[in-house]
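Student: Attaching a single structure in structure tokens format; questions to follow.
The values are calculated or read from the model by the stated rules, or taken from the named source; none is laboratory data. The structure presented is a predicted model; accordingly, all values stated were derived computationally and were not measured. Using ideal geometry, Cβ is built from the backbone for each residue, glycine included, and neighbour counts are taken over all protein chains shown. Note: accessible area is taken over every heavy atom of the protein model, side chains too, but ligands, DNA and RNA are not part of it. Shrake-Rupley method; radii C 1.70, N 1.55, O 1.52, S 1.80 Å.
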Amino acid sequence: MASYNKFQVFSENLSEGIHDLDTDTLKILLTNSAPVATNSVKADLTEISAGNGYTAGGTQATLSSSSHSSGTYKLVLNDVVFTASGGSIGPFRYVVLYNDTPSSPTDPLIGWWDYGSSLTLSDTETFTVDLSASNGVFTLA
């Protein structure tokens with residue numbers, strides 16, 4: 001299973017009120033170029049080409065729940081499914097979560113997952129980004 005990696009700027013952006021994780025539009029995009037922790041906005045990444053079921057900018061990750069308990073906040077998003085249609089999607093190795101709502105900075109990055117090797121979806125194949133209903137995408141304490 002791929003592990004979550006946080007972009008360094010996320011902590012600062014969260015502290016400065018850039019993110020409202022309850023209401024902002026969060027998206028998942030695919031890339032085959034390795035993100036680095038110091039990337040800060042979507043434009044710092046090289047997204048895979050749109051087409052065959054993949055939309056430029058990725059797919060919205062809808063909120064399942066956002067809550068805190070005893071001072072620990074947990075963000076839970078519904079799984080995101082990509083389906084190849086009319087051809088292949090990829091290759092991609094990295095799945096990136098970003099915020100599509102703020103205008104300054106535009107499309108701030110939150111985190112990414114490394115799947116260990118490049119994947120290509122053939123026509124009709126699906127890829128599910130499992131965002132863990134029990135553990136959440138991440139917790140903040």
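Student: Output the residues belonging to the range 56-115 that are of a type in the set (Gly, Ala, Ser), surrounded by fewer than 20 Cβ atoms within 10 Å (Cβ to Cβ) and in a strand (DSSP E or B). Break it down into steps so the answer makes sense when it comes.
Tutor: Step one: list which residues in the range 56-115 are of a type in the set (Gly, Ala, Ser), which gives 56-58, 61, 64-67, 69-71, 84-88, 90, 103-104, 111.
The next check asks that each one be surrounded by fewer than 20 Cβ atoms within 10 Å (Cβ to Cβ); those that pass are 56-57, 64-67, 69-71, 85-88, 103-104, 111.
Answer for the range 56-115, where residues must be of a type in the set (Gly, Ala, Ser), surrounded by fewer than 20 Cβ atoms within 10 Å (Cβ to Cβ) and in a strand (DSSP E or B): 64, 65, 66, 67, 69, 103, 111.
Student: Which of the residues that make up the range 38-55 are surrounded by 14 or more Cβ atoms within 10 Å (Cβ to Cβ) and over 18 Å from residue 88 (Cα atoms)?
Tutor: The first filter runs over the range 38-55 and keeps only residues surrounded by 14 or more Cβ atoms within 10 Å (Cβ to Cβ), leaving 39-42, 44-45, 47-48, 51-54.
39, 40, 41, 42, 44, 45 - these are the residues of the range 38-55 that are surrounded by 14 or more Cβ atoms within 10 Å (Cβ to Cβ) and over 18 Å from residue 88 (Cα atoms).
Student: Inside the range 1-37, can you point out the residues that are part of a loop (DSSP other than H, G, I, E, B) and of a type in the set (S, T, N, Q)?
Tutor: Filtering the range 1-37 for residues part of a loop (DSSP other than H, G, I, E, B) gives 1-3, 7-8, 16-25, 32-37.
3, 8, 23, 25, 32, 33, listed by residue number.
Student: Which of the residues belonging to the range 22-43 are among the aliphatic types (A, V, I, L, M) and without any contact (Cβ under 8 Å) to a residue 60 or more places away in the chain? Working first, answer last.
Tutor: As a first pass, look at the range 22-43 and keep what is among the aliphatic types (A, V, I, L, M): 26, 28-30, 34, 36-37, 41, 43.
If the condition is that a residue be among the aliphatic types (A, V, I, L, M) and without any contact (Cβ under 8 Å) to a residue 60 or more places away in the chain, then 36, 37 are the ones that fit.
Student: How many residues are open to solvent by less than 50 Å² (accessible area, probe 1.4 Å), farther than 19 Å from residue 79 by Cα and touching a Phe, Trp or Tyr at 6+ places or on another chain (Cβ under 6 Å) when one looks only at the range 9-36?
Tutor: Residues that pass the stated criteria total 1.
Student: Moving on. Please count how many residues of the range 1-35 are aliphatic (A, V, I, L, M) and under 18 Å from residue 63 (Cα atoms).
Tutor: Kept after step one, since they are aliphatic (A, V, I, L, M), are these residues of the range 1-35: 1-2, 9, 14, 18, 21, 26, 28-30, 34.
Still in the running and under 18 Å from residue 63 (Cα atoms): 14, 18, 21, 26, 28-29.
Number of matching residues: 6.
Student: Continuing with this model, one more query. Kindly indicate the residue of the range 1-42 that is aliphatic (A, V, I, L, M) and in contact with a Leu (Cβ under 7 Å, 6 or more places away or on another chain) and also farthest from residue 139 (Cα to Cα) among those meeting that condition. It would help to see each step written out before you state the result.
Tutor: Initially, the range 1-42 is screened for residues aliphatic (A, V, I, L, M), giving 1-2, 9, 14, 18, 21, 26, 28-30, 34, 36-37, 41.
Narrowing the set further to residues that are in contact with a Leu (Cβ under 7 Å, 6 or more places away or on another chain) leaves 9, 21, 26, 28, 41.
Numbers: 9: 16, 21: 12, 26: 16, 28: 18, 41: 21 Å.
Of everything passing the filter in the range 1-42, 41 is farthest from residue 139 (Cα to Cα).
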